[in-house]
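So the structure is just underneath, and the comments pick up after that.
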Amino acid sequence: MSYMLPHLHNGWQVDQAILGEEERVVVIRFGHDWDPTCMRMDEILHKVSEKVKNYAVTYLVDISEVPDFNKMYELYDPCTAMFFYRNKHIMIDLGTGNNNKINWAIDSAQEMIDVVETVYRGASKGRGLVVSPKDYSTKYRY
């Protein structure tokens with residue numbers, strides 16, 4: 001499904017996508033189109049993109065084609081989703097200890113909608129860190 005979502009092919013396009021959006025959250029999936037984890041994430045992002053279009057826009061970035069942000073955002077995982085609002089990186093507390101990004105594929109479209117909506121509501125109120133509606137820690141999984 002990565003072919004259905006807009007790709008950003010260089011660092012300038014990524015910067016312009018983040019800078020140019022004033023009213024909506026910018027969701028950027030960093031990774032590779034051929035990676036199975038990214039394929040699952042792209043499928044979910046495509047499903048929710050129409051439902052969240054009023055308050056979020058989604059872009060895909062291939063980290064081997066655009067390596068400019070790999071060190072800055074610590075993009076070492078195969079698939080990473082990050083959120084930006086009005087040129088500011090919005091952190092999200094998922095219960096995993098890493099508040100900067102989501103580095104796994106969320107399997108449910110409704111979960112992704114909830115996360116994006118939570119980020120939008122918190123960011124529009126001026127918060128730089130929002131708390132996820134679901135705790136993704138492995139504390140209670142046996």
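For the range 25-37, taking the residues that are touching a residue at least 12 places away in the same chain (Cβ under 8 Å) and surrounded by fewer than 19 Cβ atoms within 10 Å (Cβ to Cβ), the one that is nearest to residue 103 (Cα to Cα) is identified as 37. Determine whether the range 38-52 contains at least one residue that is of a type outside the set (A, V, I, L, M), surrounded by fewer than 15 Cβ atoms within 10 Å (Cβ to Cβ) and farther than 18 Å from residue 106 by Cβ. No; the residues of the range 38-52 include none that is of a type outside the set (A, V, I, L, M), surrounded by fewer than 15 Cβ atoms within 10 Å (Cβ to Cβ) and farther than 18 Å from residue 106 by Cβ.
Coordinate-derived values only; no laboratory data. Everything quoted here is computed from the prediction, not taken from an experiment. A quick note on method: Cβ atoms are made from the backbone with ideal geometry, for glycine too, and the neighbour counts reach across all protein chains shown.
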